[in-house]
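This report refers to the structure that appears directly beneath it.
The values are calculated or read from the model by the stated rules, or taken from the named source; none is laboratory data. Here the structure is a predicted model, which means the values were calculated and not measured. Positions of Cβ are backbone-derived with ideal geometry, glycine not excepted, and every protein chain shown enters the neighbour counts. Heavy atoms of the whole protein, side chains included, go into the accessibility calculation; ligands, DNA and RNA do not. Shrake-Rupley method; radii C 1.70, N 1.55, O 1.52, S 1.80 Å.
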Amino acid sequence: MPSSLEVHQFPCLSDNYGYLVHDATSGETVAIDTPDAAAYLREAEKKGWKITQIWNTHWHPDHAGGNQAIKDATGCTVIAPAVDAPRIAAVDREVTHAMGVDLAKFEAQVIDVGGHTMGHVAYHIPAAGIAFVGDALFALGCGRMFEGTPDQFWASLSRLKALPPATTIYCAHEYTASNARFALHADPDNATLAVYAAEVEQRRAAGQPTVPTTLDRELATNPFLRADDPAMQARWGGANAVETFAALRAAKDDCR
């Protein structure tokens, strides 16, 4: 990651992660989503940073609920996905797939990852090799399909699969232990997954985060990203990746 860009990660609410992305050269700071305004303002103050932008991934209150309070406190600019924007407070700019947003000299590419909500987006900063994916993709999992369809959600995951494999993936929740249990059920013969799951268990037992992850690791172990793998299709059925993804998502929904 370029030395002038720093990601500060911190827990908030019951299982969310908050992210502040700071450019040391310009002094600009982006809040990725706003699950807890007080926590974000407190963490920014600890770092000596001022929040200048908010980049929302989707409309859910544990992602956009702190917008107004943070904007009132800082005067920041709020950027949000156009489809979800009517349900998001204090939006200044609406964005759609393939648009760019800037943090000083760093450009983030907006990626349509609809499915969890219709307008969900991710923000990929190629120069830093990082992506903020909200609830679209998790370590060893993906978001629940509240609003979208299986073909939409699989297309969204396919866009993320196409990012450089070394990309660091910042997802919004600490769900990995639960996801690992389902992944082992979904893909029991995956030795790489077994190693990953054991590491997750150790990290959580020690009170350590399992986020961020890397795309290459997820490509090898995350069952939802492997719905196009013949072995997964043979185990879970489906004539194509969309049908296999739908079967996996339905099974995970039943395993809560």
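Here is how the numbers come out for the structure above:
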quantity: Pairs, first closer than 16 Å to Ala220 by Cβ in region 150-175, second acidic (Asp, Glu), C-beta under 8 Å, six or more apart; calculated: Pro165/Asp216; Ala166/Asp216; Ile169/Glu218
quantity: Residue satisfying all of: in region 45-58; farther than 14 Å from Tyr19 by Cβ and in contact with a strand residue (DSSP E or B) (Cβ under 8 Å, 6 or more places away or on another chain); surrounded by the most Cβ atoms within 10 Å (Cβ to Cβ) among these; calculated: His58
quantity: Extreme residue, surrounded by the fewest Cβ atoms within 10 Å (Cβ to Cβ), among residues of region 68-89 that are in contact (Cβ under 8 Å) with a residue 24 or more places away in the chain and in a loop (DSSP other than H, G, I, E, B); calculated: Ala82
quantity: Region 107-155, residues that are part of a loop (DSSP other than H, G, I, E, B), under 12 Å from His58 (Cα atoms) and among the hydroxyl-bearing types (Ser, Thr, Tyr); calculated: Thr117
quantity: Subset of region 246-255 [touching a residue at least 12 places away in the same chain (Cβ under 8 Å), within 21 Å of the chain's Cα centre (by Cα) and open to solvent by 40 Å² or more (accessible area, probe 1.4 Å)]; calculated: Asp253
quantity: Matching residues in region 180-232 - criterion: being in a loop (DSSP other than H, G, I, E, B) and not acidic (Asp, Glu); calculated: Pro188, Asn190, Ala206, Gly207, Gln208, Pro209, Thr210, Val211, Pro212, Asn222, Ala227
quantity: Answer residue from region 162-211, given it is open to solvent by less than 70 Å² (accessible area, probe 1.4 Å) and either aromatic (Phe, Trp, Tyr) or on the phi > 0 side of the Ramachandran plot (or both) and is nearest to the chain's Cα centre (by Cα) among those; calculated: Tyr170
quantity: Within region 90-111, considering residues that are touching a residue at least 40 places away in the same chain (Cβ under 8 Å) and among the β-branched types (Val, Ile, Thr), the one farthest from Glu147 (Cα to Cα); calculated: Val101
quantity: Unmet criterion (only one of (1) out of contact with any strand residue (DSSP E or B) (no Cβ under 7 Å at 6 or more places or on another chain); (2) touching a residue at least 60 places away in the same chain (Cβ under 8 Å); (3) closer than 25 Å to Asn222 by Cα) for Glu147; calculated: (2)
quantity: Residues satisfying the stated conditions in region 101-115, i.e. more than 29 Å from Phe245 (Cβ to Cβ) and either open to solvent by less than 70 Å² (accessible area, probe 1.4 Å) or in contact with a helix residue (DSSP H, G or I) (Cβ under 7 Å, 6 or more places away or on another chain) (or both); calculated: Leu103, Ala104, Phe106
quantity: Selection within region 234-244 - within 26 Å of the chain's Cα centre (by Cα) and more than 21 Å from Ala139 (Cα to Cα); calculated: Asn240, Glu243
quantity: Hits in region 233-245 (condition: assigned to a loop (DSSP other than H, G, I, E, B) and open to solvent by 60 Å² or more (accessible area, probe 1.4 Å)); calculated: Ala239, Asn240
quantity: Filter result for the condition that a residue is among the small types (Gly, Ala, Ser) and under 29 Å from His124 (Cβ atoms), over Ala198, Ala239, Ala180; calculated: Ala180
